[in-house]
Amino acid sequence: MRNAEIVGWGKALPPSVLSNDDLTKIVDTSDEWITARTGMKERRISHVEGSDLAVVAASRALAAAGMEPAEVGMIVNATCTPETLVPASAAHTQYKLGALNAGAMDLNANCSGFVYGIITASGLIASGMVDNVLLVGVEKLSYVTDYTDRTTCVLFGDGAGAVVLRATDEPIGVLAGEVGNDGSAAEHLCVPGFGSVGTAGPRPASLLGIQMNGQEVFRRAVTKMGEAAVHVVRKAGWSLEDIDLLIPHQANLRIIDATARRLKVPEEKVFVNVHRYGNTSAATIPVALTEALEEGRIRPGADLVLAAFGGGLSWAAAAVKWGERVKPLGSSAVELPPFEGTVMDLVQPSVDFFSKEMV
Ligand SMILES: CC(C)(COP(=O)(O)OP(=O)(O)OC[C@H]1O[C@@H](n2cnc3c(N)ncnc32)[C@H](O)[C@@H]1OP(=O)(O)O)[C@@H](O)C(=O)NCCC(=O)NCCS
């Protein structure tokens, strides 16, 4: 059986930090409320395009794998905030990276996108279609975040994480995966006016920002993400005690805690960085995976569970058996360009935009 091993990993977080205190200057909120309800303390706002974030994360992942861009067979960008619809955002990544022999496509399953992506990429490799896949989770959610709406704007941030998956005959990689979606509940988390909906023309600005029924999403997330995680553990032939590290989508600390309780996974076996970056949708899991490796929390042969939920309403989980190597083979000199302005310079255009009634 041809499997897909994760042989490279990397992340790119923009330097501008939007703290809870910064948010109190924009909407009626407080550090206490945000911390108690979400566990978040700060998030990053990008001064560059998503493909610039993707290229830095991808360059680091390729260096970690000891690979050149020209060796990549397929680039999959898991994103719900592509910088253009035509071409797909992966086309920008491919060009800027110089991965000229790679196919390039986007995959949109919202916050579940990276887990959908790792399952898809493993399938592409297992089929023999390609020998490797560069999978990037990248989001510029600040573009669709309505910074006049306190119920959503405290939650989201920008960032990118990437992995390189390569064919192997060893029994490692994604041993089991599960994906699901309930389109009847899509209205609970959506950007209703962005896309080919209706006819071209002016529309309410609010329809171009994230709209969410937080409690409904919360309830469904805990149930569906937890169920999917239990299923993949069983399908992989593991028991819950075998889980060495749970890497859940970072949307809310309370959701992460509830999922861990459901899986009976103790706190020290759950990776959390939601306090640093907020919810970066498809980027949360590859960023968390990269940080878990950097912090030495993944040992050779570890049994990992990745689990996510998001718009759709979608959910996904994967049981991943890690290989032998937990250290990068090399490092990349590629960096994001510096930003001289303040984080408010980046957020204010959105406040102005969403303050208008029609656009
Ligand atoms: C959004 C979320 C943090 C809200 O927490 P909650 O405990 O459900 O809070 P509620 O929505 O019940 O709101 C409680 C009160 O806080 C208020 N509130 C909402 N946002 C606030 C904010 N940023 N600051 C201060 N108060 C706020 C509400 O208006 C409400 O006030 P009221 O009681 O006077 O009506 C939580 O529901 C959540 O995380 N849901 C999942 C969202 C998610 O993960 N989305 C992405 C999926 S990938």
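Residues of segment 260-281 that are of a type in the set (S, T, N, Q) and farther than 23 Å from V233 by Cβ: N279, T280, S281.
With E216, E170 as the choices, which residue is within 16 Å of the ligand (Cβ to nearest atom) and loosely packed, with under 15 Cβ neighbours inside 10 Å? Walk me through how you get there before you give the answer.
Working: E170 fails: within 16 Å of the ligand (Cβ to nearest atom).
None of the other options fit; the residue is E216.
The set of residues in segment 47-64 that are among the hydrophobic types (A, V, I, L, M, F, W, C) and either modelled with pLDDT under 95 or under 16 Å from the mean Cα position of the chain (by Cα) (or both) comprises L53, A54, V55, V56, A57, A58, A61.
G123 meets all of the listed conditions (1) of a type in the set (G, A, S); (2) assigned to a helix (DSSP H, G or I); (3) surrounded by 19 or more Cβ atoms within 10 Å (Cβ to Cβ) but one, namely (3).
Being buried (at least 19 other Cβ atoms within 10 Å of the Cβ), assigned to a helix (DSSP H, G or I) and either touching a His at 6+ places or on another chain (Cβ under 9 Å) or aliphatic (A, V, I, L, M) (or both), is that true of even one residue in segment 133-141? Yes, because at least one residue in segment 133-141 is buried (at least 19 other Cβ atoms within 10 Å of the Cβ), assigned to a helix (DSSP H, G or I) and either touching a His at 6+ places or on another chain (Cβ under 9 Å) or aliphatic (A, V, I, L, M) (or both). If I filter segment 154-166 down to residues being farther than 19 Å from P82 by Cα and surrounded by 24 or more Cβ atoms within 10 Å (Cβ to Cβ), which single residue comes out as nearest to the ligand (Cβ to nearest atom)? It comes out as V154.
Whenever a residue of segment 160-189 is at positive phi, its partners that are polar (S, T, N, Q), lying with C-beta atoms within less than 9 angstrom and at least six residues away or across chains, give the pairs G173/N3; G173/S122.
Kindly indicate the residue of segment 1-60 that is of a type in the set (K, R) and within 27 Å of R219 (Cα to Cα) and also surrounded by the most Cβ atoms within 10 Å (Cβ to Cβ) among those meeting that condition.
Start the filter on segment 1-60 by keeping residues that are of a type in the set (K, R), which leaves 2, 11, 25, 37, 41, 43-44, 60.
With within 27 Å of R219 (Cα to Cα) added as a condition, the list becomes 37, 41, 43-44.
Details: R37: 16, K41: 17, R43: 32, R44: 23.
Checked segment 1-60; the qualifying residue surrounded by the most Cβ atoms within 10 Å (Cβ to Cβ) is R43.
Residue pairs whose Cβ atoms lie under 8 Å apart, sitting 6 or more positions apart in sequence or on different chains, and linking a residue in segment 230-254 that is under 18 Å from G173 (Cα atoms) to a partner that is of a type in the set (S, T, N, Q), are V233/S239; L246/T259; P248/T259. Here S281 clears all of (1) at pLDDT 95 or above; (2) more than 19 Å from D182 (Cα to Cα); (3) buried (at least 16 other Cβ atoms within 10 Å of the Cβ) except the condition numbered (2). Look at segment 107-121: where a residue is at pLDDT 95 or above and a partner is in a helix (DSSP H, G or I) and among the aliphatic types (A, V, I, L, M), sitting 6+ places away or on another chain with Cβ atoms under 7 Å, you get C111/A282; G113/A282; F114/A282; F114/I285; V115/I285. In segment 323-359, of all residues being among the small types (G, A, S) and under 25 Å from the mean Cα position of the chain (by Cα), the one that is surrounded by the most Cβ atoms within 10 Å (Cβ to Cβ) corresponds to S350.
I'd like the full set of residues that are in a helix (DSSP H, G or I), hydrophobic (A, V, I, L, M, F, W, C) and in contact (Cβ under 8 Å) with a residue 40 or more places away in the chain, limited to segment 193-224. Talk me through it step by step, then tell me what you get.
Taking segment 193-224 as the starting set, the residues that turn out to be in a helix (DSSP H, G or I) are 205-208, 214-224.
Filter once more, so that each one left must be hydrophobic (A, V, I, L, M, F, W, C): 205, 207-208, 217-218, 221-222.
Once the filter is applied, which keeps residues that are in a helix (DSSP H, G or I), hydrophobic (A, V, I, L, M, F, W, C) and in contact (Cβ under 8 Å) with a residue 40 or more places away in the chain, segment 193-224 yields A205, L208, V217, A221, V222.
The values are calculated or read from the model by the stated rules, or taken from the named source; none is laboratory data. Predicted model, so just to flag it, every value in this text is computed and none were measured. Counting neighbours? That spans all protein chains shown, and the Cβs are built from the backbone with ideal geometry, glycine included.
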